[in-house]
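Here is the structure we will look at, set down as structure tokens.
The values are calculated or read from the model by the stated rules, or taken from the named source; none is laboratory data. None of these values were measured; they are calculated from a predicted model. Please note: Cβ atoms are built from the backbone with ideal geometry, for glycine as well, and neighbour counts cover all protein chains shown.
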Amino acid sequence: MHTILLVEDETLIALAEKRSLEAQGYTVVMARNGDAAIEAARPHHDIDLVLMDIDLGSGTDGAETAETILAFRSLPIVFLTSHTEQDVVERVQSISNYGYVVKSSGEFVLLESIRMALKLFETNAALARRNEFIETVLDNLPIGLAVNYVDSGTASYMNREFERVYGWSREVLIDIERFFDSVYPDPEYRRQVRQRVIADLTSGDPRRMIWDDIPVTTRDGETRSVRAQNIPVPEQNFMISTVMDRTEQKQAMDALRASEQELQKQIQQKNTLLRETHHRIKNNIASVASLLLLQARGVDEPAARQALYEAITRVRSMQKLYDTMLLRDTDGSVMLDEYVTTIVELVAELFDGTRSTDICADLDSCTVEVKDAFSIGIIVNELLTNTMKYAFVGQTEKRITVSLKCVDERNVMCIRDNGQGFQDQHVPDATEGFGLSLVRMLCEHLGADLRLYNDNGAVVEIRFACNPSE
């Protein structure tokens, strides 16, 4: 049961009230004046309620005694008095709202007033504990949070993180005018922010109530970048404001962007240098080809002239590779079908100026690395050169087919003619000339399978791996 501190200066009244309360199961501690009540309230932590008269003789009156007790301890105080004057009632109500009972009201009213005061105090205590728990949670959130009344422009609640992020005291931030003046010291920027906030809130669009990378100024003059969001609650006439410090993230992103820009700049510089290098190599190759052509035109010996022309095609095939890399923004790979097409055209131009040979190219798209493209280009050049030189002796109908197909996840390049084929079904071996020896060596380097056979003419088939272009 509860313990009541009864403060009454009239002895007979006090004894009667004590008996009445004890009859209801209450434990009663008595005090005859204000000073005694104050002293009794300090050590008796089990006191649950104070029942006190306003007039307590010549010493401290009941109202002053109540203020003193409430200054060091939270207790429900019910005033039991004969006073009914308005000014007296208002005075004690400003101190405690747990009950005001006129002595003539009777025992039932007094007991009900005590019961209701105890219940109300317990409810308020539970609510206070819950509020303390909620505030503790909110104060430890990593997000700043404030609740602002729209009409008054003041904040009714603000957690610690809200103060920390903005870098100003609660006294400054709690008032919307001081908030704007302090956080946005530049008048023009402050005006822009105000206009934006009003426009976004007026729109009613929640997406417009989120502001990223807003610069704010702290009391120490530090500029921070924040992410702010407002959540209006119009039915309650308040608005929830949240804020997060994004300064470190913004600095990291700015540093990353600067690093990426510098990296892109270096890449562009290297690409420019690489293109210039390829261009110089291409020009040097062209110069070599021109020198060989001049030499070939000045040679009377057919075999020597033929050898020079073959060297020219080899050099020009390398030149075409550099042309391909220069014309395309290459990533270290080459479109093999395009490159082989240029090799076919080059050999045809050099060895078949009259265009008497029907050359058909049927090439699927395929990408290979530059180093592999160089080897394949030389192979195609050598095979086409040999075909032009030896396949069509005494023939008027001459036809060559160059194909590139993907078969069983490998690419098959086939060079076929309708000429005399390999004589007596003899497939060239180690005794063959320089061209075919070079072809075998390059196929071995590529890891390619080489097959030579007759089928209404000579057929050379090369199988190698490459990636199909997208």
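For residue 394, indicate whether it is small (Gly, Ala, Ser) and either part of a helix (DSSP H, G or I) or in contact (Cβ under 8 Å) with a residue 12 or more places away in the chain (or both). So residue 394 does not fit the description; no.
If only residues of the range 1-40 that are touching a Ser or Thr at 6+ places or on another chain (Cβ under 9 Å) and assigned to a helix (DSSP H, G or I) are counted, the one that is farthest from residue 76 (Cα to Cα) is 35. Residues of the range 206-233 that are loosely packed, with under 15 Cβ neighbours inside 10 Å, modelled with pLDDT of 90 or more and not in a strand (DSSP E or B): 219, 220, 221, 222. Kindly provide the set of residues from the range 62-74 that are surrounded by fewer than 17 Cβ atoms within 10 Å (Cβ to Cβ) and of a type outside the set (Ser, Thr, Tyr), ordered by number. Listed by number, the residues that qualify are 64, 67, 70, 71, 72, 73.
Here is a yes/no grid of residues against (1) on the phi < 0 side of the Ramachandran plot; (2) surrounded by 14 or more Cβ atoms within 10 Å (Cβ to Cβ); (3) out of contact with any Gly (no Cβ under 7 Å at 6 or more places or on another chain); (4) not assigned by TED's automatic domain parsing to the domain that holds residue 40:
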site: 79; (1), (2), (3), (4): yes, yes, no, no
site: 85; (1), (2), (3), (4): yes, no, yes, no
site: 101; (1), (2), (3), (4): yes, yes, yes, no
site: 111; (1), (2), (3), (4): yes, yes, yes, no
site: 119; (1), (2), (3), (4): yes, no, yes, no
site: 123; (1), (2), (3), (4): yes, no, yes, no
site: 128; (1), (2), (3), (4): yes, no, yes, no
site: 133; (1), (2), (3), (4): yes, no, yes, no
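Of everything in the range 338-355 that is acidic (Asp, Glu) and more than 29 Å from residue 268 (Cα to Cα), the residue that is modelled with the highest pLDDT is 345.
If you check 193, 216, 233, 197 for being touching a helix residue (DSSP H, G or I) at 6+ places or on another chain (Cβ under 6 Å), closer than 20 Å to residue 155 by Cα and β-branched (Val, Ile, Thr), only one passes: 216. Consider the range 322-337 and keep the residues that are at pLDDT 80 or above and surrounded by 19 or more Cβ atoms within 10 Å (Cβ to Cβ). The one that is farthest from residue 411 (Cα to Cα) is 334. Summed over the range 41-68, the residues that are touching a Lys or Arg at 6+ places or on another chain (Cβ under 9 Å) and not in a loop (DSSP other than H, G, I, E, B) give a count of 3.
Tell me, yes or no, whether the range 234-253 has at least one residue that is surrounded by 12 or more Cβ atoms within 10 Å (Cβ to Cβ), without any contact (Cβ under 8 Å) to a residue 40 or more places away in the chain and more than 30 Å from residue 176 (Cβ to Cβ). Yes - at least one qualifying residue is present in the range 234-253.
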